[in-house]
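The values are calculated or read from the model by the stated rules, or taken from the named source; none is laboratory data. Computed from a prediction, not measured in an experiment: that's the story for all the values here. Every residue, glycine as well, gets a Cβ built from its backbone with ideal geometry; the counts of neighbours run over all protein chains shown.
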Amino acid sequence: MRIDPWGTTQVTDYERLREEFGIAAFDLERFPLPQPSKIFRRGVFGHRDFHLIHDAMTGGRPFSILTGLMPSGKMHFGHKMVIDQVLYFQNQGARVHISVADIESWGARGIPFAETRRLAIEEYILSYIALGLRAERCEVYFQSKRKAVTDIAFTLSRKVNMTEMKSIYGFEDSTNMAHILSPLVQVGDILHVQLPEYDGPCPTLVPVGVDQDPHLRLTRGIASAFRFYNVTLTDQGHIGIFVKGGQFSEKDVQRLLDKAESTVLGLGYSEIRKLPRYRALYLPGGTARAVPEIQAALSPVELKEGGHGFYPPSSTYHRFITGLTGSKMSSSEPDSAVFLSDSPKDGAEKIMRAKTGGGISAEEQREKGGEPWNCSVYEMYLHHLSEKDSHLERVYEECVRGGRLCGQCKKEAAGLIKEFLMDFQEKKEQARERIDDYLVEN
């Protein structure tokens, strides 16, 4: 499988995707969240290193959220799924950074910077505020205006080569260099928030649709490449801590090993075997879960030694929402999506025209029932329109048993969409008065 962040990726087999790309299954039993919103109960299917975020959140320690928007079209309900996650974590104490990916928009789509600014503000930022984004501990910035992003992107690009970029993204010899540069700028977006002048090294979550996973894989690889220590679970079941990099002298290695030893002693490890010849410490026994915990504990050591101490970014992945036409919901296909800028009347009419999983006649549906798992309207209930699980279960069961016909179901959903858009658009107009509280111009 290849995932294209700029294409029309549509996933149906999420289990296969997790296995192929090493994405762990997201489970609320493993990661109990306080009052989890519907996006976590129903939409988030996978993660990378979410335990770093969960541990920080439940332990009252700092953590950050980084998300981005590429303003190449109008915001629709599929885009809303990311901001739903951001809003939840902001309410749990996260510091929120939102990047307007104007460099990526120019590089990948050729959209002028002035137009991306207009789209970003009118379609996205005002919408985020209307949806509930608070100005406290939150900033919205433009890639092209933040020198720290482009500077760190340039520095970190030494640890990636063209072969890797082609492997991850499928770039060809004809791909323009601005397009090739844009993922490296995204690496700068994700990691610059861990610089000392921003949040400093800390767990950082990037909530995305799975089509954006190539950026996470690239960033995690680069973040690890710039660490001074490599922490692994060996085949013998021990934890190995190794000093990386040819730039270190024997004296440097000894000092780094001593500091690592002091750090793990502070974590409660008492049986430590130091092997300076192999630039290594070994901790007999250990678990895979302990590896990122030790790596995190070594982060401030690296920072004091002149490194970055980057935490590998964590990520959560939500399912794609099927478009109203049955294909992927897309800004380039107006009938496939309800846009947040649609009038309440137009939004309701789109729902009434949507593809469903009903029978070919009312009689057949009453007899055999419908297929909510093949219904774009049910997906709107699933991800956006049904706040209460009991209501969603009732919609599902009535459909399967044949007691709910598509016309009835569409009419209810259209009414909910109309009500939502009326309230939302009023709040969006009010948000114009507060937008300067969010925008940061450098």
Spot the failing condition for Glu139; the list is (1) surrounded by 14 or more Cβ atoms within 10 Å (Cβ to Cβ); (2) in contact with a helix residue (DSSP H, G or I) (Cβ under 9 Å, 6 or more places away or on another chain), and only one is missed. (2)
If I go through segment 290-310 residue by residue, how many of them are of a type in the set (Phe, Trp, Tyr) and on the phi > 0 side of the Ramachandran plot? 0
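Only one of Leu439, Leu416 is under 26 Å from the mean Cα position of the chain (by Cα), surrounded by 14 or more Cβ atoms within 10 Å (Cβ to Cβ), under 30 Å from Gly68 (Cα atoms) and modelled with pLDDT of 95 or more. Can you tell me which? Reasoning before the result, please.
Numbers: Leu416 fails: under 26 Å from the mean Cα position of the chain (by Cα).
Exactly one of Leu439, Leu416 is under 26 Å from the mean Cα position of the chain (by Cα), surrounded by 14 or more Cβ atoms within 10 Å (Cβ to Cβ), under 30 Å from Gly68 (Cα atoms) and modelled with pLDDT of 95 or more, namely Leu439.
Here is a yes/no grid of residues against (1) in contact with a Lys or Arg (Cβ under 8 Å, 6 or more places away or on another chain); (2) without any contact (Cβ under 8 Å) to a residue 40 or more places away in the chain; (3) not basic (Lys, Arg):
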{"residue": "Tyr229", "(1), (2), (3)": "yes, no, yes"}
{"residue": "Asp235", "(1), (2), (3)": "no, yes, yes"}
{"residue": "Glu261", "(1), (2), (3)": "yes, yes, yes"}
{"residue": "Lys274", "(1), (2), (3)": "no, yes, no"}
{"residue": "Tyr278", "(1), (2), (3)": "no, yes, yes"}
{"residue": "Leu281", "(1), (2), (3)": "yes, no, yes"}
{"residue": "Ile294", "(1), (2), (3)": "no, no, yes"}
In this structure, is Leu392 in contact with a Ser or Thr (Cβ under 8 Å, 6 or more places away or on another chain), of a type in the set (A, V, I, L, M) and at negative phi? yes
Search segment 229-285 for residues being among the acidic types (Asp, Glu) and assigned to a helix (DSSP H, G or I), and hand back the single one that is surrounded by the fewest Cβ atoms within 10 Å (Cβ to Cβ). Glu250
Of those in segment 357-413 that are surrounded by 21 or more Cβ atoms within 10 Å (Cβ to Cβ) and more than 30 Å from Val82 (Cα to Cα), the residue farthest from the chain's Cα centre (by Cα) is Gln365
Can you tell me which of Ile294, Ile321 is surrounded by 14 or more Cβ atoms within 10 Å (Cβ to Cβ) and more than 21 Å from Ala56 (Cα to Cα)? Ile321
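Report whether or not Ser361 is farther than 19 Å from Phe77 by Cβ, assigned by TED's automatic domain parsing to the domain that holds Leu340 and either hydroxyl-bearing (Ser, Thr, Tyr) or touching a residue at least 40 places away in the same chain (Cβ under 8 Å) (or both). Steps first, answer last, please.
Values: farther than 19 Å from Phe77 by Cβ: yes; assigned by TED's automatic domain parsing to the domain that holds Leu340: yes; either hydroxyl-bearing (Ser, Thr, Tyr) or touching a residue at least 40 places away in the same chain (Cβ under 8 Å) (or both): yes.
When the stated conditions are applied, Ser361 passes them.
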Could you grab the pairs with beta carbons closer than 6 Å, sequence gap of 6+ or different chains, first residue in segment 405-419 and assigned by TED's automatic domain parsing to the domain that holds Met380, second one among the small types (Gly, Ala, Ser) and buried (at least 16 other Cβ atoms within 10 Å of the Cβ)? Cys406/Gly358; Ala414/Ala348; Ile417/Gly347; Ile417/Ala348; Lys418/Ala348
Looking at segment 196-222, which of its residues are touching a Leu at 6+ places or on another chain (Cβ under 6 Å) and in a helix (DSSP H, G or I)? Ile222
Out of segment 148-165, which residues are of a type in the set (Lys, Arg) and either under 22 Å from the mean Cα position of the chain (by Cα) or closer than 17 Å to Leu216 by Cβ (or both)? Lys159
